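Below you'll find the structure, written out as structure tokens, and then a few comments.
The values are calculated or read from the model by the stated rules, or taken from the named source; none is laboratory data. Please read all numbers here as calculations on a predicted model, not as lab measurements. Virtual Cβ from ideal backbone geometry, glycine too; neighbours counted across all protein chains shown.
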Amino acid sequence: MKKKEAYCASWIVPVVSPPMREAALIVEDGVISTIVPGHELPRHAKNLKIYNFPNGVILPAWVNAHTHLELSYFKDETIPAGQFFEWVERLLAVRAQKENPQRVKTAALQQMRLMRQSGTALAGDITNGPLLEPLPDEPLERAIFYEILGFLPERAEVIFEKAQQELQARNPHAILTPHAPYSTSPHLLKKIASASARMSIHLAESKSEYAFLTEGSAELTAFLKARKAWPENWKTPGKTPVGYLNDLGLLHGKTLLVHGVQVTDRDLDILKNSGAAVCICARSNDRLNVGLPPIQKYLEKGIPLCIGTDSLASNVSLDLNDEIYYLWERFNQALHPVTLVRMATLNGARALGREGEFGSLEVGKKAAFNVFEFDEAIKEEPESAVVSRKWRRLRCF
């Protein structure tokens, strides 16, 4: 016999359709069966276990479109923000000195549990290898991106072939992806693009990156030379980061650009035409002093936006409620709560290629949803009440 449950609430927000007042979400064996007005529930009541949330709002579970769970142990490390590449230097030093497999896995699982308890059911997780394979008993689902880098063109073939072998041996379902245009040679970027229909890449995050590609950056050149990763024949492209990726043919509807802080109006047109999505990691940007993304301009152009927390090396939590509230406070004039909810749900699922399972409350999708409980019936848009954190309790299913 199928396990049938009904979750009744003051509001149900499917995301793909207007909110429903006094409605019930019906679930069969972990899959959404239907959503009905509350007065129709008796017709479905046979063998149905009913859960009531009188002042509740039901929303799809959150989607954290960009994080690095293997850096979760940085919760116990203090890295002063400083300038962007000073921070990168410190991060790399800590990884070299203190990273070990058990520490990575223990901290990652702890953060996954906290993420699930705070409403996230799916995460776009970047790994350089330690978390390439799924861990036992992961409490949430990960779209795993296996990130590689290498700026020396003569090393591109070797790096690419080794990565392909790692994927086949350890997790053929993971997605091969590049780190950033200042750390991944154009040769390697093109090879990754030829092998991966989908990719997630850090782009246009810092002013140094922007300068490196448009006019040259002494800071970034020195950074690469110190790592013996500087190609002597490198010529500055004279392009913005967005324009550079576009010229390489890497921008399309399955490209997820992470950060997108340093962009021009021309870049916005390129992104609009490409169909690429942008993942906003605003608290990380703020902490690393790189500026904030032009969210209003993105929205005006109709560029798909989703939300990520980035890692605990550059953020204080992986709780998407914290990220959403920060955006609601910081971009209150530009971001309507309905837009913000969509960014944190369906847009993130689409950016990760998982919209068939997550991101909205629709028949046939996984029953991954959050119930936000309030002390009294809300008198405003349910999305507004949720993003402004007026709720007192969150239950995750």
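Yes or no: region 235-243 includes at least one residue that is in contact with a strand residue (DSSP E or B) (Cβ under 6 Å, 6 or more places away or on another chain) and surrounded by 15 or more Cβ atoms within 10 Å (Cβ to Cβ).
Scanning region 235-243, I find at least one residue that is in contact with a strand residue (DSSP E or B) (Cβ under 6 Å, 6 or more places away or on another chain) and surrounded by 15 or more Cβ atoms within 10 Å (Cβ to Cβ), so the answer is yes.
Go through 335, 340 for me and flag whichever is over 19 Å from residue 201 (Cβ atoms), modelled with pLDDT of 95 or more, assigned by TED's automatic domain parsing to the domain that holds residue 107 and among the aliphatic types (A, V, I, L, M).
Of the residues listed, the single one that is over 19 Å from residue 201 (Cβ atoms), modelled with pLDDT of 95 or more, assigned by TED's automatic domain parsing to the domain that holds residue 107 and among the aliphatic types (A, V, I, L, M) is 340.
I need the full set of residues from region 348-387 which are under 21 Å from residue 65 (Cα atoms) and of a type in the set (Gly, Ala, Ser), in order please.
348, 349, 351, 353, 356, 359, 360, 367, 368
Take the residues of region 45-65 that are closer than 25 Å to residue 355 by Cα, of a type in the set (A, V, I, L, M) and out of contact with any helix residue (DSSP H, G or I) (no Cβ under 7 Å at 6 or more places or on another chain): which is surrounded by the fewest Cβ atoms within 10 Å (Cβ to Cβ)?
So the residue we want is 61.
When you look at residue 167, is it closer than 21 Å to residue 308 by Cβ and not polar (S, T, N, Q), yes or no?
Spelling it out, it is not the case that residue 167 is closer than 21 Å to residue 308 by Cβ and not polar (S, T, N, Q).
Please go through (1) of a type in the set (Asp, Glu); (2) modelled with pLDDT of 95 or more; (3) out of contact with any strand residue (DSSP E or B) (no Cβ under 8 Å at 6 or more places or on another chain) for residue 362 and return the number of the only condition it doesn't satisfy.
Every listed condition holds for residue 362 apart from (3).
What number of residues within region 244-274 are surrounded by fewer than 14 Cβ atoms within 10 Å (Cβ to Cβ), within 19 Å of residue 182 (Cβ to Cβ) and in contact (Cβ under 8 Å) with a residue 12 or more places away in the chain?
Counting residues in region 244-274 that are surrounded by fewer than 14 Cβ atoms within 10 Å (Cβ to Cβ), within 19 Å of residue 182 (Cβ to Cβ) and in contact (Cβ under 8 Å) with a residue 12 or more places away in the chain gives 1.
Go through region 283-304 and count every residue that is buried (at least 23 other Cβ atoms within 10 Å of the Cβ) and either among the hydroxyl-bearing types (Ser, Thr, Tyr) or under 14 Å from the mean Cα position of the chain (by Cα) (or both).
1
Assess whether residue 77 counts as being among the acidic types (Asp, Glu) and in contact (Cβ under 8 Å) with a residue 12 or more places away in the chain.
Answer is yes for this residue.
Take the residues in region 326-372 that are part of a helix (DSSP H, G or I) and among the basic types (Lys, Arg); name whichever of them is farthest from residue 197 (Cα to Cα).
Across region 326-372, the extreme among qualifying residues is 330.
Only one of these is assigned to a helix (DSSP H, G or I) and on the phi < 0 side of the Ramachandran plot: 95, 142. Name it.
95
Of the residues in region 74-111, how many are β-branched (Val, Ile, Thr) and under 17 Å from residue 133 (Cβ atoms)?
2
So for region 66-76 (the condition being of a type in the set (A, V, I, L, M), assigned to a helix (DSSP H, G or I) and over 20 Å from residue 201 (Cα atoms)), does at least one residue qualify?
No - not one qualifying residue is present in region 66-76.
Quick grid of which residues meet (1) within 22 Å of the chain's Cα centre (by Cα); (2) surrounded by 18 or more Cβ atoms within 10 Å (Cβ to Cβ); (3) in the same structural domain as residue 282 (by TED's automatic domain parsing):
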{"residue": "87", "(1), (2), (3)": "yes, yes, yes"}
{"residue": "102", "(1), (2), (3)": "no, no, yes"}
{"residue": "107", "(1), (2), (3)": "yes, yes, yes"}
{"residue": "110", "(1), (2), (3)": "yes, no, yes"}
{"residue": "115", "(1), (2), (3)": "yes, yes, yes"}
{"residue": "123", "(1), (2), (3)": "yes, yes, yes"}
{"residue": "126", "(1), (2), (3)": "yes, yes, yes"}
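Among the residues of region 125-136, how many are assigned to a loop (DSSP other than H, G, I, E, B) and either in contact (Cβ under 8 Å) with a residue 12 or more places away in the chain or aromatic (Phe, Trp, Tyr) (or both)?
Qualifying residue count, region 125-136: 8.
Looking for something over 28 Å from residue 218 (Cα atoms) and basic (Lys, Arg) - is there at least one such residue anywhere in region 83-97?
There is no residue in region 83-97 that is over 28 Å from residue 218 (Cα atoms) and basic (Lys, Arg).
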